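Asker: Have a look at this one before I ask anything.
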Amino acid sequence: MPAGLELPTFKGRPGWEFTDISDLDLAAYERVGADGAEAGEPLWSVPEAAALPDGVIVGMLDDAEHQELVRRHLGSLVSDEDVFVALNDAGARAGAFVYVPRNVVLEEPISLMSVQARTGTLLNQRTLVVLEEGAQAEVWEQFLSGDEDVDGVFNTVTELVVGQGARLRYVCGQGLSEKSWIFGAQRAEVGRDAALDWVALGFGSARGHVRMETRLVGEGAEARVTGAYASHSKQHIDFDTTQEHAAPNTTSDLAFRGVLTGRSTAVWKGNIIVDPGAQKTDAFQESRNLLLSKRAHADAIPGLEIQANDVRCTHAAAVAQVDPEQLFYLRSRGLPLEVAKRLVIEGFLSALVERFEQGPVRERLSDALERRLAQILGD
């Protein structure tokens with residue numbers, strides 16, 4: 001444990017009201033770095049690596065040849081006052097660095113993967129993505145376990161730096177063993193007239209807490225954040241999101257949807273922050289959850305902190321069981337109960353998929369959701 005820092009107390013610190021980590025013994029887990037282990041079932045197929053234009057870097061954080069760039073940006077968006085960020089900074093870790101120079105446009109996506117191979121380990125994972133002015137890129141990252149029996153702690157810190165006029169799509173999915181913990185501190189900063197399209201998939205782990213923070217620091221900046229989780233058994237999913245508008249004429253749009261069955265639980269806590277002077281802010285957030293069993297439980301908690309007077313900020317939240325009228329309608333047309341239920345669930349999630357244009361992104365997300373549904377509905 002980093003000196004002077006303690007693990008958050010359940011219900012004793014803002015942001016940790018819903019995830020009890022009192023039985024987490026970090027000392028029982030061996031700290032390890034990346035070891036090139038093979039993954040279990042991936043969330044999506046990984047395309048072959050494409051040739052990179054001059055100046056583009058896709059490598060490890062500790063590679064000697066780009067340390068000047070790394071030092072300039074690493075740690076600029078996150079605070080080591082967070083115990084899990086400090087833990088990530090201390091000792092062995094796996095680390096990825098993506099850098100796209102000014103006005104360079106990548107035609108093919110970059111794929112990153114981190115695998116926790118062994119039970120009893122603490123894997124500190126770090127990702128730094130930097131797009132300079134006018135650059136465009138798509139980065140797909142997945143966090144996986146070596147197999148379904150790995151009992152470990154996966155601690156990830158992500159920093160996304162989107163420069164002026166740049167365009168970044170970042171897709172991050174975790175399909176860790178359902179015996180593992182996950183902790184995440186993920187933060188993006190979006191510059192003037194830049195755009196971030198951020199997608200998060202939360203399928204694995206037993207318990208944990210992931211913070212996703214987007215800060216719009218330049219006028220005209222835009223961010224779209226899309227999240228999906230699907231849990232079963234006794235899983236507990238916890239997402240804590242922030243959309244901070246620090247400049248005028250900025251736009252954010254966040255949508256999370258969850259499907260829960262068994263005795264699983266989930267919480268989404270979202271906050272829109274509008275700083276003083278951030279006039280003409282346009283911000284929206286929603287979280288909708290579909291419960292497939294009577295013992296599943298979800299909390300959806302939107303929040304607003306507005307310090308400017310010429311803004312449009314709205315939110316929506318809902319937690320509901322499968323609509324019996326929809327089931328009745330489908331069954332009255334001859335569909336078996338399980339088929340009817342599956343169609344209702346797919347319709348519920350289709351609103352997320354339809355946020356993306358036709359093409360590889362939409363197809364991969366749809367496939368990942370379908371495979372996860374098949375897993376949890378097989379309980």
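Derivation of every value follows stated rules applied to the coordinates shown; laboratory data play no part. Keep in mind the model is a prediction, meaning the values are calculated, not measured. Cβ sites come from the backbone with ideal geometry, for glycine too, and all protein chains shown count toward neighbours.
Asker: List residues of the range 237-263, by number, whose backbone nitrogen lies under 13 Å from a label position 7 Å along Cα→C-beta of Asp299.
Answerer: Under cut-off, by backbone N: 237-240.
Asker: Give Lys234/Lys269; Lys179/Lys341; Lys234/Lys341 a once-over and call out the pairs whose C-alpha atoms are over 23 Å from each other.
Answerer: Values: Lys234/Lys269 20 Å; Lys179/Lys341 28 Å; Lys234/Lys341 21 Å.
Flagged as over cut-off: Lys179/Lys341.
Asker: While we're here: Only Lys, Arg, Asp and Glu count, each charged at its Cβ (+1, +1, -1, -1), so figure out the dipole size of the range 30-322 about its Cα centre, rounded to 20 debye. List each step's numbers first, then the result.
Answerer: Details: 25 positive and 42 negative charges, 220 e Å.
Roughly 1060 debye for the range 30-322.
Asker: Helix hunt in the chain: which complete DSSP H runs extend at least 30 Å axially by C-alpha with mean Kyte-Doolittle at least 0.0?
Answerer: Counting only whole DSSP H runs, no helix qualifies.
Asker: By average Cβ neighbour count within 10 Å, what is the ranking of 130-137, 114-121, 182-189 from highest down?
Answerer: 182-189, 130-137, 114-121
Asker: I've got another one for you. In the Gaussian network model of the chain, springs joining C-alpha atoms below 10 Å, which of Arg215, Arg342, Arg169 carries the largest mean-square fluctuation?
Answerer: Per the Cα network of the chain with a 10 Å cutoff, Arg342 tops the list.
Asker: Among bridges DSSP assigns within the chain, what percent are antiparallel (round to 5)?
Answerer: 5 percent
Asker: While we're here: 5 Å is the cut-off here: which amide hydrogens, built 1.01 Å from N in the peptide plane, fall below it relative to Thr242, excluding neighbours closer than 5 in sequence?
Answerer: Counting only residues 5 or more places away or on other chains, the set is Met212, Glu213, Thr214, Asn271.
Asker: At a Förster radius of 45 Å, what calculated FRET efficiency corresponds to the Cβ-Cβ distance of Asp310 and Glu38, to the nearest 0.05?
Answerer: Computed FRET efficiency for Asp310 and Glu38: 0.25.
Asker: Another one. Can you list the residues, at least 5 places off or on another chain, whose amide H is less than 5 Å from the amide H of Val259, using H built in the peptide plane?
Answerer: Amide H neighbours of Val259: Tyr229, Ala230, Ser231, Leu290.
Asker: Determine the calculated [θ] at 222 nm for the chain from helices alone, applying -39500 (n - 2.57) to every DSSP H run no shorter than 4 residues and normalising by the residue count; nearest 500 deg cm²/dmol.
Answerer: The per-residue figure over the chain is -4500 deg cm²/dmol.
Asker: Which Cα, out of Ala51, Ala92, Ile301, lies furthest along the positive dipole direction of the chain (beta carbon charges, K/R +1, D/E -1)?
Answerer: Ile301
Asker: Would you mind telling me which residue in Ala255, Ala351, Ala246 has the biggest mean-square fluctuation in a Gaussian network model of the chain, where springs connect alpha carbons within a distance under 10 angstrom?
Answerer: Its mean-square fluctuation being the largest, the pick is Ala351.
Asker: I need the calculated FRET efficiency for the pair Ala318 and Arg31, taking r as the beta carbon distance and R₀ as 30 Å, to the nearest 0.05.
Answerer: 0.15
Asker: If amide hydrogens are placed 1.01 Å from N in the peptide plane, which non-local residues have theirs closer than 5 Å to the one on Asn249?
Answerer: The list, which skips near neighbours in sequence, is Gln279, Lys280, Thr281.
Asker: Calculate, for Lys179 and Arg102, the FRET efficiency according to 1/(1 + (r/R0)^6) with r their C-beta to C-beta distance and R0 41 Å; round to the nearest 0.05.
Answerer: Computed FRET efficiency for Lys179 and Arg102 comes out at 0.40.
Asker: Output ³J(HN,Hα) for the range 211-226: one whole-Hz value per residue in order, computed from phi by the Karplus curve 6.51 cos²θ - 1.76 cosθ + 1.60 with θ = phi - 60°, and x for Gly and Pro.
Answerer: Rounded to whole hertz, the list is 9, 10, 10, 10, 10, 9, 9, x, 4, x, 5, 9, 9, 10, 10, 10.
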